[in-house]
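This is the structure, below, for whatever I ask next.
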Amino acid sequence: MSNEKSFSMKTLLILAGSYVSFGIGAGFATGSEVLQFWAPHGLPGAVGIIISALLILLCIAVVSRDCRKYKLASMDMMYRHYCGKYLGLAINWFNTLTFFLMVGSMIAGGASSMNQAFGLDTRIGTVIMLIAVMATALLGMKKLTAILGNIAPIILLAVVVICVYSYINPTDSFSTGDMLIREKSGLSMSGSLIFSAVLNFTYVVLNMSAYSANVSTRADHQKELVWGNVLGQFSAALCQIFVFLAFVLNASVVGGTDIPLLILGQRLGGAFYAFYGIIVVLATYTTATGMAWVASSNIQREDSKWYKLVVAVVCIGAFVFSNFGTFGVLMNIVMKAVSYLGVVFSVCVIVSKIYRYVKESKEGVKA
């Protein structure tokens, strides 16, 4: 009698929800990611989101399957599997650097959100963010991240409310918004729609593939893991389109801004604006703390005597980086760094799959 558990739709839905929750952080809550990737392209940006989502769905399905098949239970194991010992190690450490830079951009984002929503001086805001992030990361983030991650459903619900209101009370028509959002796009990832789609794909797939490796043991069946991640990415793409169309319909208000969703939230009244301001600050805080923990624990394990010193160095260094520019500028730098690193990783996945297919085919012929 087999001890294998039966396929569980409940597990699939839980994994899909976890995927979405992991992907929804400060970049989504502020709206900066959506704006910088797609605003320069106007309404066709929605097509770019679909192209990117299809590429991500394909890659995530492949990586999820391989993580389960080859027992790749960590980010480091996954990078080594696809990229080889030395390139995999290099990508792992460069990715650690991007986590560090992300901490800095989130500190800047939290300070900017506090300034925009509550009028707090950004210099004071960065110090508050530094203290909060360092204090939390020093405690160890494994348990606390799971608790703080519950903010994702609140972010989603609040964003839906903002977008629905923005659809009902737009400042611009689709045709006018299409023109304005292109003109006021400000910082962007690329002037080419196709290249933006590719960069968005590589930006997402690098970290979501690492997530797939970390949760590969949570499913009893390969189908649960693969389809859970596919459903999660499909839902994330729909959310992006939903938000982007709200931006187009309100381009005269949000075009070229750092935190467009917070600006749209202001139109719902002072109470909601304050509420969403708190949500955005919490989102940047939880994202920064999680990234600080990942960067620090990749250098020194949490149970190491050097861990706390590493956390302090990472957080203080990130604080220094946060003063190099506005939240939008720093996010643009980090997103480009992650995207181009993701290009290298994606090429490695393709080459690795071709190599293993050819090798297994030859072995099959010999057998």
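Give the number of residues within region 18-72 that are outside any helix (DSSP H, G or I), at pLDDT below 90 and buried (at least 20 other Cβ atoms within 10 Å of the Cβ). Working first, answer last.
We begin by selecting, within region 18-72, every residue outside any helix (DSSP H, G or I); these are 24-25, 31, 42-44, 70-72.
Next, only the ones that are at pLDDT below 90 stay: 24-25, 70-72.
Narrowing further to those that are buried (at least 20 other Cβ atoms within 10 Å of the Cβ): 24-25, 72.
Qualifying residue count for the region: 3.
Only one of 339, 322, 352 is surrounded by 14 or more Cβ atoms within 10 Å (Cβ to Cβ), over 23 Å from residue 107 (Cα atoms) and either of a type in the set (Val, Ile, Thr) or in contact (Cβ under 8 Å) with a residue 60 or more places away in the chain (or both); which? Please lay out each step first, then the result.
Working: 339 fails: over 23 Å from residue 107 (Cα atoms); 322 fails: over 23 Å from residue 107 (Cα atoms).
Exactly one of 339, 322, 352 is surrounded by 14 or more Cβ atoms within 10 Å (Cβ to Cβ), over 23 Å from residue 107 (Cα atoms) and either of a type in the set (Val, Ile, Thr) or in contact (Cβ under 8 Å) with a residue 60 or more places away in the chain (or both), namely 352.
Given the criteria β-branched (Val, Ile, Thr), surrounded by fewer than 22 Cβ atoms within 10 Å (Cβ to Cβ) and modelled with pLDDT under 90, does residue 168 qualify? Even if it seems obvious, please write down each step before you answer.
Working: β-branched (Val, Ile, Thr): yes; surrounded by fewer than 22 Cβ atoms within 10 Å (Cβ to Cβ): yes; modelled with pLDDT under 90: no.
Answer is no for this residue.
Only residues that are in contact (Cβ under 8 Å) with a residue 12 or more places away in the chain and aromatic (Phe, Trp, Tyr): list them for region 159-199, please. Talk me through it step by step, then tell me what you get.
Just the residues of region 159-199 that are in contact (Cβ under 8 Å) with a residue 12 or more places away in the chain, to begin with: 159-163, 165-167, 169-174, 176-191, 193-194, 196-199.
165, 167, 174, listed by residue number.
Okay, moving on. Being assigned to a helix (DSSP H, G or I), buried (at least 16 other Cβ atoms within 10 Å of the Cβ) and of a type outside the set (Lys, Arg) narrows it down to one residue among 135, 117; which is it?
On the way: 135 fails: buried (at least 16 other Cβ atoms within 10 Å of the Cβ).
Sole residue among the options that is assigned to a helix (DSSP H, G or I), buried (at least 16 other Cβ atoms within 10 Å of the Cβ) and of a type outside the set (Lys, Arg): 117.
For the list (1) surrounded by 18 or more Cβ atoms within 10 Å (Cβ to Cβ); (2) of a type in the set (Ser, Thr, Tyr); (3) within 29 Å of residue 38 (Cα to Cα), I need the number of the one condition that residue 307 fails.
Failed condition: (3).
Would you call residue 316 within 30 Å of residue 161 (Cβ to Cβ) and assigned to a helix (DSSP H, G or I)? I'd like the intermediate steps shown before the answer.
On the way: within 30 Å of residue 161 (Cβ to Cβ): no; assigned to a helix (DSSP H, G or I): yes.
No; evaluated as a whole, the condition is false for this residue.
Can you pull out the residues in region 210-249 that are modelled with pLDDT under 90, in contact with a Cys (Cβ under 7 Å, 6 or more places away or on another chain) and assigned to a helix (DSSP H, G or I)?
Within region 210-249, 212, 213 meet the criteria.
On to the next question. I'm told residue 304 meets every condition in (1) in contact (Cβ under 8 Å) with a residue 12 or more places away in the chain; (2) outside any helix (DSSP H, G or I); (3) not acidic (Asp, Glu) except one. Can you identify the failing condition by its number?
Unmet condition: (1).
Quick check: is even one residue across region 349-365 in a helix (DSSP H, G or I), farther than 29 Å from residue 136 by Cβ and in contact with a Phe, Trp or Tyr (Cβ under 7 Å, 6 or more places away or on another chain)?
Filtering region 349-365 for residues in a helix (DSSP H, G or I) gives 349-365.
Restricting the remaining residues to those that are farther than 29 Å from residue 136 by Cβ gives 349-365.
From what is left, the residues that are in contact with a Phe, Trp or Tyr (Cβ under 7 Å, 6 or more places away or on another chain) are 349, 352.
Yes, region 349-365 contains a residue that is in a helix (DSSP H, G or I), farther than 29 Å from residue 136 by Cβ and in contact with a Phe, Trp or Tyr (Cβ under 7 Å, 6 or more places away or on another chain).
The values are calculated or read from the model by the stated rules, or taken from the named source; none is laboratory data. Because the structure is predicted, anything quoted here is derived from the model rather than measured. For neighbour counting, all protein chains shown are included, and Cβ atoms are generated from backbone atoms with ideal geometry for every residue, glycine included.
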